[in-house]
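The values are calculated or read from the model by the stated rules, or taken from the named source; none is laboratory data. Since the model is a prediction, treat every value here as computed from it, not as a measurement. Cβ: placed from backbone, ideal geometry, glycine included. Neighbour counts: every protein chain shown. Each accessible area value is taken on the protein alone, full model and side chains, heavy atoms only, with ligands, DNA and RNA left out. Shrake-Rupley method; radii C 1.70, N 1.55, O 1.52, S 1.80 Å.
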Amino acid sequence: MDQKLNIAIVTIAYNRPDSLTRLLNSLKKVDYEGHNVPLIISIDYSGDDSVYKVADAFRWDFGEKKVIKHASNLGLKKHVLTCGDLVEDYDALIVLEDDLIVSQAMYSYTYRAVENYKDDDNIAAISLYSKGWNETAWKPFNPAITCFDTYFVQIAESWGQVWMKNDWQNFRKWYENNCEPFSYSPRVPKDVCEWDSKSWKKYHIKYCVDNNKFTVYPYRSLTTCASEQGEHIKVTNNDFQVPLLETPQRQYNFADFEDENAVKYDAHLERIFADMDDTCIDLYGQKKDFGSYRYIITPRCLNYKIVDTYGLSLRPHEENILSKVSGNYFVKYDLSAEEKNSPVFRSETELRYYSYVDFTSVTNKMRIKDLFSHTLRLIVYRIKKVFRRK
């Protein structure tokens, strides 16, 4: 295939020479299809020159190599934004933090994805990472499977992303007028609003929500994350590692944003249904702002009139609503009619639905909290079960 797009790779490094070495070695194994692919290694100042030595010694046989050594410490947000601005000289950038590993198919996917989405105003970025976890709800995330290779989410991705020139420039113009710290924004998850203002991702998510833009996500991941100790990760863990697509492909079936069969999720990773625009979908039970919706479907006990109830057995969990599975886990309320309700009695099977997660690595306070909450609910369930027998 003749090269028409100029796509560069930017690696974001700080003070982890071993991590950078692993990332660069994985980049050498990628199939670049004979294209000229510039590599930019951007290193934030840390006072440790071991990262410089790794970057300077690394041999890149697929195009020009450029090493940027910042003279003062930028911090992660400014460093990422500075790297994004390098897109001015290219059609798109593949942006990779140093604790990532890439698939051999990474470039073949990226090139074709950029070709497909570069003129779509609905798109803010392209993710190379495939989500399996909802960080807001601290529960597994299973996207609905379609005939396509991609779906759409109103969440920015930091574990491997592609920024196209026009989309990045539009974000930067927005950011100039919206760079002040914020702790609340309608439709932006509460935990995201509470992130430190040093997070670039926090602002990009707000940008997507405010402007109704989406990130393209792959069903099969082109990057995986080692989640090593760094500026925003205190303890190394493997919570977010995912399987990589091993074999490069020449054809992908990219979802058209306007296709009725394309799957879309909001910033809470809640499914967006075109035929349910009067209903707030809150299956993870995390939304705080119900907006102007007439109805809400949620696992929470709310004091509104109950319209319908659904069980919890199918995956992904929205399939329980679509298939009208009988049960009492999810409740549909009429938000226009207040009515006192008591918590519903749920089956042990429903309570165990999300418990297939590996809780052996309790390195995060949210994980400890979730494990405690889940255990407490099962204890309460068993106590109620004993009393019901009497």
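Results, tabulated for the structure shown:
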{"item": "Lysine-lysine proximity count for region 186-296, Cα under 16 Å, sequence distance 8 or more or distinct chains", "result": "12"}
{"item": "Two-decimal Rg/Rh across region 181-226, once Rg and the Kirkwood Rh are taken from alpha-carbon atoms", "result": "1.04"}
{"item": "Kirkwood Rh, angstrom, region 110-175 [1 / mean 1/r, Cα pairs]", "result": "13.3 Å"}
{"item": "Cβ-placed point charges (K, R +1; D, E -1), dipole of region 146-186 about Cα centre in debye, nearest 20", "result": "120 debye"}
{"item": "For region 148-261, size of Cβ-based charge dipole, Lys and Arg +1, Asp and Glu -1, in debye", "result": "300 debye"}
{"item": "Identified option (computed semi-axes √(5λ) of the Cα gyration tensor in Å; candidates (1) 40, 23, 20; (2) 45, 25, 19; (3) 37, 27, 17)", "result": "(1)"}
{"item": "Per-residue [θ]222 nm for the chain (sum of -39500 (n - 2.57) over DSSP H runs n ≥ 4, rounded to 500)", "result": "-8000 deg cm²/dmol"}
{"item": "Residue-normalised accessible area of the chain, given per residue in Å² at a 1.4 Å probe", "result": "47 Å²"}
{"item": "Long-range HN-HN contacts of LYS66 with modeled amide H, under 5 Å", "result": "LEU39, ILE40, ILE41"}
{"item": "Surface/4 of the Cα convex hull for region 258-326, nm²", "result": "5.2 nm²"}
{"item": "Kyte-Doolittle mean at least -0.5 and Cα axial length at least 18 Å: DSSP H helices in the chain", "result": "365-389"}
{"item": "Convex hull (Cα only) mean projected area of region 126-227, reported in nm² to one decimal", "result": "7.1 nm²"}
{"item": "Nearest-0.05 FRET efficiency for ASN212 and LEU351, computed from C-beta distance (R0 41 Å)", "result": "0.70"}
{"item": "Label-point separation, ASN36 to ASP61 (7 Å along Cα→Cβ), nm", "result": "1.9 nm"}
{"item": "Dipole in debye (nearest 20) - the chain, about Cα centre, beta carbon charges: Lys, Arg +1; Asp, Glu -1", "result": "2020 debye"}
{"item": "Burial order of peptide ranges 204-211, 238-245 (average beta-carbon count within 10 Å, highest first)", "result": "204-211, 238-245"}
{"item": "Spherically averaged projected area of region 53-105 from its Cα convex hull (nm²)", "result": "5.0 nm²"}
{"item": "Label-point separation, ILE383 to GLU338 (7 Å along Cα→Cβ), nm", "result": "3.0 nm"}
{"item": "Segments 81-89, 171-179, 302-310 sorted - mean Cβ within 10 Å per residue, highest first", "result": "81-89, 302-310, 171-179"}
{"item": "Kirkwood hydrodynamic radius of region 186-314, from inverse mean 1/r over distinct Cα pairs, in Å", "result": "18.0 Å"}
{"item": "Solvent-accessible area, 1.4 Å probe, carbon plus sulfur percent, for the chain", "result": "47 percent"}
{"item": "Dipole of the chain [Lys/Arg +1, Asp/Glu -1 at C-beta], most positive-end residue of TYR284, TYR14, TYR265", "result": "TYR284"}
{"item": "Other-chain or far-sequence residues with amide H under 5 Å of ILE123's (modelled H)", "result": "PHE214"}
{"item": "Amide proton proximity set for ARG187, modelled H, under 5 Å, gap of 5+", "result": "ASP289"}
